[in-house]
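Input: a single structure, listed below in C-alpha cells.
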Amino acid sequence: MADEQKEQISYEEFAKLDIRTAKVLEAEPLGEKLIKMLMDVGGEKRTIVAGIRRWYKPEELVGKTVIILYNLKGRKILGVESQGMVLGVDGLEEDGTYTLIVPEKDVPSGRRVR
C-alpha cells in the first residue's frame, strides 16, 4: 500500500539534498528505541542517532555501509547531537520490518548518491 503522495518538488529543491555513503564504525543502544552510531563519511566522523533498534542490533551495524542524509540540520536526541539521518524503507505493513538502504557493491564512504 502506497502512502499518500507528498507535494512535488523541483529539481533545484532536490539538488539541495546531500545524500552520501557512510560506514558505521561504532554502534550502541540509546534508550529503548534508538541506536547511536559513529560514522565515517569520507574521513569525517559523524554521530547519527536512528530509531532502528526494533529491527537492528548495534553489533549488526558495525562495518556496514549505509546511505545518509548528510546535510540535515543537527538536533539533540536524548542528549546526543545527531548529525544526519540514516535512510531506509519503513512501513512494510505485511511483516512490520524496516530495511536500511545499502549500496549494492562495496563503495568508499563519503561518496555522493544521485
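Since every read-out is calculated from the coordinates, none of them should be taken as a lab result. Not measured: the values here are computed from a predicted model. Please note: Cβ atoms are built from the backbone with ideal geometry, for glycine as well, and neighbour counts cover all protein chains shown.
Let me check I've understood the local charge: for Gly51, count other residues with C-beta under 12 angstrom from its C-beta, Lys and Arg +1, Asp and Glu -1. What total comes out?
Working: positive: Lys33, Lys36, Arg53, Arg54; negative: Glu32, Asp90.
Local net charge: +2.
Run the quick spin-label model on Lys16 and Arg114: label points 7 Å from Cα toward the beta carbon, then report their separation in nm to one decimal.
With each label placed 7 Å out from Cα toward Cβ, I get 2.1 nm.
Number of Lys-Lys pairs in the stretch 15-100 under 22 Å by Cα, sequence gap 8 or more or different chains?
Lysine pairs satisfying the spacing and distance rule in the stretch 15-100 number 23.
Please tell me the relative contact order of the chain in percent, rounded to the nearest whole number, where contacts are Cα pairs under 8 Å and at least six residues apart. Mind showing how you got there, number by number?
Values: 227 pairs, mean separation 33.4, N = 114.
Over the chain, the number comes to 29 percent.
Among Arg75, Arg20, Arg46, which one shows the biggest mean-square fluctuation in a GNM of the chain, springs joining Cα atoms closer than 10 Å?
Arg75
Could you compute the net charge surrounding Asp40? Neighbours are other residues with a C-beta less than 9 Å from the C-beta of Asp40; K and R count +1, D and E count -1. If you can, show how the numbers build up before the last one.
Numbers: positive: Lys23, Lys45, Arg46; negative: Glu44.
Net charge around Asp40: +2.
Evaluate Rg over Rh across the stretch 15-100, taking Cα atoms for both radii and Kirkwood's formula for Rh. Please list the in-between numbers first.
On the way: Rg = 12.5 Å, Rh = 13.1 Å.
In the stretch 15-100, Rg relative to Rh is 0.95.
Mind checking which of Lys57, Lys73, Lys23 has the largest fluctuation in a GNM of the chain, springs on alpha carbons under 10 Å?
The residue that fluctuates most here is Lys73.
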